[in-house]
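K.L.:
This is the structure I want to talk about, given as structure tokens.
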């Protein structure tokens, strides 16, 4: 194999599973982050091109599998309802980001060591 | 969140890309491994429920993107043609396995440290 492989890159992905079923990953992270940004499940869903129903079923599945409440809905109020993330949801996001960040660095380092010059 | 999350597991996946296009990953690894086992592209394709055409196009794409020959076809001979992996292909498999193994261990360790008791 030619030296260098100048364009060759390693990619990695992590996700969490419970009982073989996906519990949390990149898509659900984006959903939680969007709920945090918009303060609303329906606006978050729209931004991610999901139906409200689909977004809601993702949230329910995550909450059920992880055994904790992740999204707090506020009902009514001056500007109508809204949604915020619970402390557990924020911690989950933070931990998942840490896990992923550390990983990407290590994968890159290992990849460089193994693949840097020749096959 | 409840302590323990007894069933919560982290999963990880790696693959190689060149110019944003997949160059090598789990599926293509299985294909090369099957060619090695069966000594034949058509038998390998059958075992993986791929058409010969599809298997061949995966091989060509890998070889082109990685810039090296991975599968050597032997034509004719006493028992008809056959295929073997090149040294570069064996090295690629070995390096990819190493990268993945090391990774899984690290991800598990980091995951345990971050998620072991509570969110």
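The values are calculated or read from the model by the stated rules, or taken from the named source; none is laboratory data. For clarity, every value in this text was computed on a predicted model and none was experimentally measured. In this analysis, Cβ positions are derived from the backbone assuming ideal geometry, glycine residues included, and neighbour counts consider all displayed protein chains.
K.L.:
Take segment B:82-107 and flag every residue that is at pLDDT 90 or above and surrounded by fewer than 16 Cβ atoms within 10 Å (Cβ to Cβ). Steps first, answer last, please.
P.N.:
Quick first cut of segment B:82-107, residues at pLDDT 90 or above only: B:82-100, B:107.
B:84, B:87, B:90, B:94, B:97, B:98 - these are the residues of segment B:82-107 that are at pLDDT 90 or above and surrounded by fewer than 16 Cβ atoms within 10 Å (Cβ to Cβ).
K.L.:
From the list A:66, A:114, A:70, which residue is within 30 Å of residue B:69 (Cβ to Cβ) and either at pLDDT below 95 or surrounded by 14 or more Cβ atoms within 10 Å (Cβ to Cβ) (or both)?
P.N.:
Criteria check complete, one pass: A:114.
K.L.:
Moving on. Report yes if residue B:42 is touching a helix residue (DSSP H, G or I) at 6+ places or on another chain (Cβ under 6 Å), farther than 25 Å from residue B:18 by Cα and in a helix (DSSP H, G or I), otherwise no.
P.N.:
yes
K.L.:
Within segment B:70-91, is even one residue within 27 Å of residue A:12 (Cβ to Cβ), touching a helix residue (DSSP H, G or I) at 6+ places or on another chain (Cβ under 7 Å) and assigned to a helix (DSSP H, G or I)? Walk me through how you get there before you give the answer.
P.N.:
First, the residues of segment B:70-91 that are within 27 Å of residue A:12 (Cβ to Cβ): B:70-71, B:85-91.
When the remaining residues are screened for being touching a helix residue (DSSP H, G or I) at 6+ places or on another chain (Cβ under 7 Å), the result is B:70-71, B:85, B:89.
Among the residues that remain, those that are also assigned to a helix (DSSP H, G or I) are: B:89.
Within segment B:70-91 (the criterion being within 27 Å of residue A:12 (Cβ to Cβ), touching a helix residue (DSSP H, G or I) at 6+ places or on another chain (Cβ under 7 Å) and assigned to a helix (DSSP H, G or I)), the answer is yes, since at least one residue qualifies.
K.L.:
Continuing with this model, one more query. Just to be sure before I move on: is residue B:17 within 14 Å of chain A (Cβ to nearest Cβ) and either touching a residue at least 40 places away in the same chain (Cβ under 8 Å) or in contact with a strand residue (DSSP E or B) (Cβ under 6 Å, 6 or more places away or on another chain) (or both) in the structure I sent?
P.N.:
Yes: the conditions hold for residue B:17.
K.L.:
Just to check your reading of the model, which residue among A:5, A:79, A:49 is on the phi > 0 side of the Ramachandran plot and at pLDDT below 95?
P.N.:
Working: A:79 fails: on the phi > 0 side of the Ramachandran plot; A:49 fails: at pLDDT below 95.
Going through A:5, A:79, A:49 in turn, the sole match is A:5.
K.L.:
Do we have any residue at all in segment A:14-22 that's surrounded by fewer than 16 Cβ atoms within 10 Å (Cβ to Cβ), on the phi < 0 side of the Ramachandran plot and either at pLDDT 95 or above or assigned to a loop (DSSP other than H, G, I, E, B) (or both)?
P.N.:
no
K.L.:
Pick from A:44, A:34: which is touching a strand residue (DSSP E or B) at 6+ places or on another chain (Cβ under 9 Å), over 30 Å from residue A:116 (Cβ atoms) and surrounded by 19 or more Cβ atoms within 10 Å (Cβ to Cβ)?
P.N.:
Among A:44, A:34, only A:44 is touching a strand residue (DSSP E or B) at 6+ places or on another chain (Cβ under 9 Å), over 30 Å from residue A:116 (Cβ atoms) and surrounded by 19 or more Cβ atoms within 10 Å (Cβ to Cβ).
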